[in-house]
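Notes for the one structure printed next.
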Amino acid sequence: MTTHEPRRSSTGKLPVIAPVGEFDIDNLAPLEAEIETVIATHPGLVLDASGIRFADSMFLRLVLATHQRTDLRIAAPSSTVTRLFGVVGADTFLHIHPTVDAARTP
C-alpha cells in the first residue's frame, strides 16, 4: 500500500513528507498533490524517501521539478531511490541527507 503521511513541525523547520510504497505513473498523483500543498505555504520541504520501495521515471520527474521550484531536501533515501538518482546522475546535484534530522537542519 502506498501512503503519504506528512509530518509538520511547529518549530519553523521544513515540513516532512514521508511517502511509503511504490511510486509510478498510476499512483503518483496523491504525492504530487501533497508536495504542491506544502510548497504553496512553506519555503521548501523534506522528502523522507526511506519508505519508497519502487520509483520510476515519473517519480524522478516529480523530484526534479520540485527541486527546481523549491528547497527540496531528500532524507534517508531507500536503496531503490539511491540507485535511481545514481543512474541518472541526480545524486550529484540533489540535496541528499542521511537522516530526516540532518535534512531539516539549516
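Take the conditions in contact (Cβ under 8 Å) with a residue 40 or more places away in the chain and part of a strand (DSSP E or B) and apply them to residue 73. Does it pass?
Details: in contact (Cβ under 8 Å) with a residue 40 or more places away in the chain: yes; part of a strand (DSSP E or B): yes.
So residue 73 fits the description; yes.
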message: Just to verify a result, which residue in the stretch 79-106, among those that are touching a Phe, Trp or Tyr at 6+ places or on another chain (Cβ under 9 Å) and open to solvent by less than 40 Å² (accessible area, probe 1.4 Å), is farthest from residue 22 (Cα to Cα)?
response: 94
query: Taking the stretch 32-59, which residues are closer than 14 Å to residue 96 by Cα and of a type outside the set (Gly, Ala, Ser)?
result: 45, 46, 47, 48
- line: Filtering the stretch 43-65 for residues that are open to solvent by 60 Å² or more (accessible area, probe 1.4 Å) and part of a loop (DSSP other than H, G, I, E, B) leaves a count of 2
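Please state which one of 73, 104, 53, 83 is at pLDDT below 95 and basic (Lys, Arg).
Working: 73 fails: at pLDDT below 95; 53 fails: at pLDDT below 95; 83 fails: at pLDDT below 95.
Just a single option satisfies the conditions, and that option is 104.
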statement: Across the stretch 65-81, the tally of residues that are in contact with a Leu (Cβ under 8 Å, 6 or more places away or on another chain) and over 19 Å from residue 40 (Cβ atoms) stands at 2
query: If residue 24 satisfies every condition in (1) without any contact (Cβ under 8 Å) to a residue 60 or more places away in the chain; (2) under 10 Å from the mean Cα position of the chain (by Cα); (3) open to solvent by less than 50 Å² (accessible area, probe 1.4 Å) but one, which is the exception?
result: (2)
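The values are calculated or read from the model by the stated rules, or taken from the named source; none is laboratory data. None of these values were measured; they are calculated from a predicted model. No Cβ is skipped: glycine too gets one built from the backbone with ideal geometry, and neighbour counts run over all protein chains shown. Areas reflect the complete protein model, heavy atoms only, side chains present, ligands, DNA and RNA absent. Shrake-Rupley method; radii C 1.70, N 1.55, O 1.52, S 1.80 Å.
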